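Rule-based calculations on the coordinates, nothing more; no lab input. Not measured: the values here are computed from a predicted model. Quick reminder, even Gly has a Cβ in these numbers, built from the backbone with ideal geometry, and neighbours come from all protein chains shown.
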Number of protein chains: 2
Amino acid sequence: MKKIIFATGNEGKMREIREILRDLDAQVLSMKEAGIETGIEENGTTFEENATIKAQAVAAQAKKAAAISQAEIVVLADDSGLEIDYLNKEPGIYSARYLGEDTPYAIKNKNLIDRLEGVPDNKRTARFVCAIAAVLPDGSVITTRGVIEGRIDYEEKGKNGFGYDPIFYVPEYGRTTAELSMEEKNHVSHRARALKAMKGELKSRFL
Amino acid sequence: MKKIIFATGNEGKMREIREILRDLDAQVLSMKEAGIETGIEENGTTFEENATIKAQAVAAQAKKAAAISQAEIVVLADDSGLEIDYLNKEPGIYSARYLGEDTPYAIKNKNLIDRLEGVPDNKRTARFVCAIAAVLPDGSVITTRGVIEGRIDYEEKGKNGFGYDPIFYVPEYGRTTAELSMEEKNHVSHRARALKAMKGELKSRFL
């Protein structure tokens, strides 16, 4: 059976991914399940570049894992971030590293809200962007992108999700992404949209 | 009953809009139905600015139409376009005017395909962007944005939709937007997404 390895250590993300890819005729594995460990430096300048760097690094590791037949695997990786228009699209590709990789999101979120003090709704526009890269068995790379448009709220709201979710207000739902259910999020999130696009690519090229 | 006037003369667009807004407790009117005629110069530098210019021009006309009570109406307008990454986001806000306002899309589409000759899939990434602006009864303006990510195909495909739809390939569906049904398009299109976001705004602020 064909295998899809997703280059993430995040179990929440893996749940989301398995849910969306579940009807594909392939086994979806986390890096850990595929026996791959890798430290990757994301030094690209776009979401697509960073996702590609990660996917290629994991594909190189997978090649060394003798148990896996190359012809049968695709490696996926994602890179995502928050672009705030008023802040010249900061934190962008530096979203995870913003104020330091280990800084709690409660602090990052508060900082962004503070930087937007006095800024009206109309100028608080922002988007979550997700790029997904796939390395196919022949070494070629495909990328897809998904976006959700919204704006930065005035305070943190909601307990679901993670990262910047509590300050990202989605007009369509009248709530932040941290207030959406898993089902709602899998319908509209940047990652879900990028992944559905990738699913289409894999169906036509791999499966 | 509250009224929503949508500043468009395009009947196809009106059908799409009525379908998405149909469960709102408001009457949705085209400009024509509201008895408004207006020539508008779109001289903004962003989709949001252009949508706002249109909505404000129509709102000013609606003010003069004595039959309509100001307190009860919202005017909406949209502006959309195609951003092709390889062409530095051309044609962008000039999408309708690209190669001339009256040039058939068969020619515009062929021209864009020619400009991407020899460019591989990965560099053909593009997006349809739609901004919608609302002028509320108190004169304040809200904007929302919707996006669909995809790439430029190698030839025109499909008979549905209009404009650049036949060359815009959507990986999730494995087809161009001109090959999507009305229902599919109302699910994923840039305009549908912007409009659903606006629907959320109107629910919380107007209805």
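Summary of computed values
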item: Euclidean distance of C-alpha centroids, the range B:70-87 and the range A:190-207, integer Å; result: 28 Å
item: Cα gyration tensor category, rounded, prolate or oblate, for the range B:76-137 with a/c compared to 1.5; result: oblate
item: Percent RCO, i.e. relative contact order, over the range A:2-205, from Cα pairs under 8 Å lying at least 6 residues apart; result: 19 percent
item: In nm, spacing of pseudo-spin labels at A:Ala106 and A:Met1 (7 Å Cα→C-beta vector); result: 4.2 nm
item: The range A:1-57: Rg to Rh, with Rh as the Kirkwood radius over Cα pairs; result: 0.99
item: DSSP beta bridges in the range B:1-105 [antiparallel fraction, %, rounded to 5]; result: 20 percent
item: A:Lys123-B:Glu41 pseudo-label distance in nm [points 7 Å out on the Cα-to-Cβ vector]; result: 2.7 nm
item: Test item: B:120-127 mean partner chain Cβ contacts at 10 Å; result: 3
item: FRET efficiency for A:Asn10 and B:Lys157, using Cβ-Cβ distance with R0 set to 41 Å, rounded to 0.05; result: 0.65
item: The protein assembly as shown - share of DSSP beta bridges that are antiparallel (%, nearest 5); result: 75 percent
item: Nearest-to-axis residue of chain B, judged by beta-carbon position, where the axis maps B onto A, in Å; result: B:Val147, 2
item: Ordering of B:190-200, A:197-207 by burial proxy (mean other Cβ atoms within 10 Å per residue, highest first); result: B:190-200, A:197-207
item: Rounded FRET efficiency, nearest 0.05, which uses the C-beta distance separating B:Arg115 from A:Glu183 and R0 of 45 Å; result: 0.60
item: Kirkwood-based Rg to Rh ratio, chain B, C-alpha trace; result: 0.99
item: Cα centroid of the range B:12-58 to Cα centroid of the range A:4-45, whole Å; result: 43 Å
item: DSSP-defined beta bridges in the range B:2-205 - what % are antiparallel, rounded to 5; result: 75 percent
item: Fluctuation leader among B:Gly118, B:Gly12, B:Gly150 - chain B, Gaussian network, Cα springs under 10 angstrom; result: B:Gly118
item: Cβ-vector label at 7 Å, B:Gly35, separations to other copies in nm; result: 7.9
item: Percent of alpha-carbon pairs separated by more than 37 Å within the protein assembly as shown; result: 25 percent
